[in-house]
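The numbers here are math on the coordinates, done by the rules we state, and not lab data. Everything numeric here is computed off the predicted structure, so don't read it as measured data. Please note: Cβ atoms are built from the backbone with ideal geometry, for glycine as well, and neighbour counts cover all protein chains shown.
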Amino acid sequence: MPASSVLGVSARKTRAQWEYHSRFLASGARLRFRAHSAHGRPWTSGMEQVYRAHRRDPRIGYAVKNLATGRYLAEFQADKLFVGGSMPKPAVAAVLLEKRRGNLTREEFQHVVYACDQSINASWFQLLARITPEDERNFEWKYHLPDVAIINNWQSPRFYAEFYERCVNYRLDYGNELLLEAMRRDQYGLGRWVMPASITYIGGKTGNYGEWDHESLFFYHRGTPYAIVLYTRGNFAPGNQLGCMMGGLFRDYCA
């Protein structure tokens, strides 16, 4: 059982913020971009049509979760495994932070930032070189996460919804605040463009490789934390389909 589980959310957050300042910032590593809000683009009838047409498309899987109650609001092929592209980068960083008990070098901390904000592959490879399959298994077991292949890059929508729940509720013992702040500075993704501009706390990760295209977000809406995770294959998203799906799932289950 994680040591953080015996503490309340406020106490866990306070501890994570202390660690963020005394380890990450003290190392000399820095975040590079500002955290940005959702953009609030108008939701059009065309976007709605794309969402309605594809919400049961066999090429996709998704999960929408209320992170306060732990309840899944929507699931479709949520346990199906997909090649993650760049999706596992924050989880790889979390495995390394757990292995080192939060004590990384300045260079390693900076690789965590680079892997999350601009999804830099060279930094991902540096993090991967420092962890083992045993580290991954220990991480998943400790935090009661689905057994997926983080290192070998096969994940499910449910895995990332659960991972975001651990992060947003400050249940990770090491690096929690850094991971949240780095993911809030993610420079890619279409989902936050169609979320209401009133959503100011929002972050996530995207992934694409060959036929695989994915998007995921965690955010607070009207004081409640949510996660929306969407994985796709079969060249599902040559246009704005990812944004339409994320916006539609938000409107159906979170708004």
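Under 15 Å from the Cβ of Pro196, count the other residues' Cβ atoms, weight Lys and Arg +1, Asp and Glu -1, and hand me the total.
Net charge around Pro196: +3.
In degrees, nearest 10, range 0 to 90: what is the angle between the Cα axis of helix 241-253 and the longest Cα principal axis of the chain?
That helix lies at roughly 90 degrees to the long axis.
Would you mind classifying the range 134-255 by shape? Square roots of the alpha carbon gyration tensor eigenvalues, ordered a ≥ b ≥ c; an a/c under 1.5 is rounded, otherwise it is prolate if a/b is larger than b/c and oblate if not.
Oblate.
Could you identify which residue out of Gly243, Gly203, Gly40 has the top mean-square fluctuation in a GNM of the chain using Cα springs shorter than 10 Å?
Highest fluctuation of the listed residues: Gly40.
How high is the FRET efficiency from Glu211 to Tyr253, r the C-beta distance, R0 30 Å, rounded to 0.05?
It comes out at approximately 0.65.
Using alpha carbon centroids, what distance separates the range 167-189 and the range 13-75, in Å?
10 Å
Let a ≥ b ≥ c be the square roots of the eigenvalues of the Cα gyration tensor of the range 8-115; is it rounded (a/c under 1.5), or, if not, prolate (a/b larger than b/c) or oblate?
prolate
By how many nm would the segment from Ala68 to Tyr188 lengthen if fully extended, with 0.36 nm per residue of separation less the alpha-carbon distance?
40.6 nm
Which one, Asp57, Asp173, Asp186, has the greatest fluctuation when you compute a Gaussian network model over the chain with C-alpha springs under 10 angstrom?
Asp57
Which of the lysines could a cross-linker span from Lys13 if the Cα-Cα distance has to be under 29 Å and same-chain partners fewer than 8 positions apart are dropped?
Lys65, Lys89, Lys99, Lys142, Lys205
Stretched out fully, how many nm does the piece from Arg222 to Asn235 gain, at 0.36 nm a residue minus the Cα gap?
1.2 nm
Quote the FRET efficiency, to the nearest 0.05, computed for Arg56 versus Ala122 with a Förster distance R0 of 41 Å and r equal to the Cβ-Cβ distance.
0.60
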